[in-house]
Amino acid sequence: MLNFWKNLSVIKKLYAVVGAMALLVAIELGTLVFALSTLSSVRAFVGGEGLWSKAQKNAIHSLTSYIFTKEQHYYDDFHKYMQIPMGDRKARQELEKPNPDYAVVFSGFIQGGVHPDDIPGVIRILRNWGHVSYIQRAIVAWTAADGLLEELISKAEQLRTIFSRPDVDHEEVKRILAEINQLNVALTEYETEFSSVLGEGSRWLEHLLMLLLVLAVITIEGTGLYLTFSFAKGLDRSLLELNHATKEIGQGNLGITVPVHSKDELGQLAQSINKMSRDLDLNISQRLLAENANQVKTLFLANMSHEIRTPLGIILGMTDILKDPQVSSVEKLKYLEVMENTGHNLSRLINDILDITKVESGHIDVELAAVPLAPFVDELRSMMQVKAVKSNVSLNFTVSDHLQQMEIQTDRNRLKQILVNLINNALKFTEGGTVQLSVDSVGSELVFDVKDTGIGIPTDQQDRLFQNFFQVDASSTRQYEGTGLGLVLSRKLAHSLGGDVVLKNSVPGKGSTFRLSIPRQGLVKTQVVAKPEVKKLADAELDLRGIKVLVTDDSEDNQVLIMHYLKKKGVQCDSALDGEEAVAKVAETHYDVILMDMQMPRMDGYTATRVLREGGYSGAIVALTAHAMKEDRERCLSVGCNDYLTKPISPDLLYTSLANLTQKSRSSILGEPK
């Protein structure tokens, strides 16, 4: 037999080896397919249990939040989360039938969040492996847990009934809450039992399949070794080169390349290794950049929390002080001024965050108009002078002589926003020194240089200055407050104007110079043309006495605040807590204007506005909302609102809006000739 094998031609040896390998590979593939299919089914089953458990926990959390807040959306969230275990239960109950309707089974598991590709595997587990003790015990725990969910839904309905009454029985609520906690504990025990049983079953199945795979692998590896030794001499050089290359790559030397001597399989393998080396080098670099960006973002979020909590703490603290009857009137006015300034600072912070979001999403609005340079700079100087005096900083603004009578086509508000950010930064980091704004033209650009004599920026930090969420000092002991948004936002806004913001130079301890550049296209001499006067409402036109307004807001505190503003102007006020109540009141009483909050329980402002318009209401409707994006305004106007005001409400804007909307009707209400 040995002689026969020795005398056998190489091609026949290869045929024999290939035939044996093909048979062994087919056996291994069959084993693998069976193993993967079975393990995939178990994985899908375990994944479905995870979704079931998570939905149950979220449902109990939402129900608990509903108890403490009585907000309808928590009750709705409870039923939304309960759809997942209810769908799983529907599928399980159908599969327990002798001839199940698989359309119902698929529908139930889809409702339960199981991926459509995983559903056949879960069905195989329940139908074909249901007799296995592990699966039987898991189904018993599942069935028992479903029974507890029925009780949980019953408790939710009891709570809804209690909260619908005028007088809430708090003792009854406490009792139900205790029962819900007991149900949660019991459900957790069943979930633990379910997971434990499936874990035991998975390990048993894994050991069985692993034994089969090991036997198949050992056989194939034995054949592979024989093949390797048979052809080792002819492959020695290529294998040594490939082995050396893989070792180098494993040690992190991703710049190595394998010589390609031919276009056969070994040559293709060498090409693949070269490509893998290049791809690994690129992917590792990208991963390091992503990790660094994530770390910076985490630091930013921590700082943002501090920046928002600090003004909130001041406002709440001042509110507590104002409750003290021993505080004098003078002190109260002082504290109110502090609260007002702090509130404005918080509002500016939120506006910066919104602007960053708009720029990132490509929704930034740019409105070009003629801006005379010299008057614009004078206005900017007046704005910043007060803060400069408080900081004991000398503020100097200069415009080159040849630009004194010129104007630029740009977005005035965005240009001002950028320069205010840069000057504020300069003032913040300069104590007792000088901040200077110089305006000049350089080539095809108009440049604004903001120079200070402050602390400067460390050299090793300057390259990262305009990265998202970056701050030079992000430690908890940092001396200067800030969010790290100013420079990033300023650069992005400058890009939207066709320009840029750069650090021109900086020396630690001596100061920095930032440069804003925008295109000077449209830079022309100011035309002396009489501009039409903007119509401003006179005090008489702001007389709102006699009109009737319905204030619709689900917050009673907001109602009190808005009605206080209106009653100061002699407006007759009525209130509604949601859209349904507003529609009912309009059906009984005529209102000149409806102030409509857009986010409310039962019926929101969008629906209420559509219902009122469809019902024939022709009066004015003003949207009140905390959503301040451009698309939010367009949505409000599209459903039938006449105007749009954002929260917090400005009294002056409120009065102006009401006056504009009621000018025609006021004369008839007061009995005056039109």
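Values computed for the structure shown
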{"read-out": "Some residue of region 436-454 being modelled with pLDDT under 85 and under 13 Å from residue 511 (Cβ atoms)", "value": "no"}
{"read-out": "Residue tally, condition aliphatic (A, V, I, L, M), without any contact (Cβ under 8 Å) to a residue 60 or more places away in the chain and surrounded by 12 or more Cβ atoms within 10 Å (Cβ to Cβ), over region 184-207", "value": "1"}
{"read-out": "Number of the exception - residue 544 against (1) assigned to a loop (DSSP other than H, G, I, E, B); (2) at pLDDT 85 or above; (3) touching a strand residue (DSSP E or B) at 6+ places or on another chain (Cβ under 9 Å); (4) on the phi < 0 side of the Ramachandran plot", "value": "(3)"}
{"read-out": "Residues (touching a residue at least 60 places away in the same chain (Cβ under 8 Å) and either part of a strand (DSSP E or B) or outside the structural domain of residue 403 (by TED's automatic domain parsing) (or both)) located in region 433-447", "value": "437, 439, 441, 442, 445, 446, 447"}
{"read-out": "Per-region count, region 543-558, residues within 14 Å of residue 619 (Cβ to Cβ) and surrounded by fewer than 20 Cβ atoms within 10 Å (Cβ to Cβ)", "value": "1"}
{"read-out": "Single residue of 56, 83 found to be touching a residue at least 40 places away in the same chain (Cβ under 8 Å), in a helix (DSSP H, G or I) and farther than 18 Å from residue 161 by Cβ", "value": "56"}
{"read-out": "Criterion: among the charged types (D, E, K, R) and touching an Asp or Glu at 6+ places or on another chain (Cβ under 6 Å) - qualifying residue of 89, 124, 160", "value": "89"}
{"read-out": "Set 614, 588, 581: member being surrounded by 14 or more Cβ atoms within 10 Å (Cβ to Cβ), modelled with pLDDT of 90 or more, out of contact with any Asp or Glu (no Cβ under 9 Å at 6 or more places or on another chain) and not assigned by TED's automatic domain parsing to the domain that holds residue 72", "value": "581"}
{"read-out": "Counted residues, region 631-662 - those being closer than 17 Å to residue 563 by Cβ, touching a residue at least 60 places away in the same chain (Cβ under 8 Å) and of a type outside the set (Val, Ile, Thr)", "value": "6"}
{"read-out": "So residue 420, is it assigned to a helix (DSSP H, G or I), assigned by TED's automatic domain parsing to the domain that holds residue 518, in contact with a Leu (Cβ under 8 Å, 6 or more places away or on another chain) and not hydroxyl-bearing (Ser, Thr, Tyr)", "value": "yes"}
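The values are calculated or read from the model by the stated rules, or taken from the named source; none is laboratory data. This is a predicted model, so every value here is computed, not measured. No Cβ is skipped: glycine too gets one built from the backbone with ideal geometry, and neighbour counts run over all protein chains shown.
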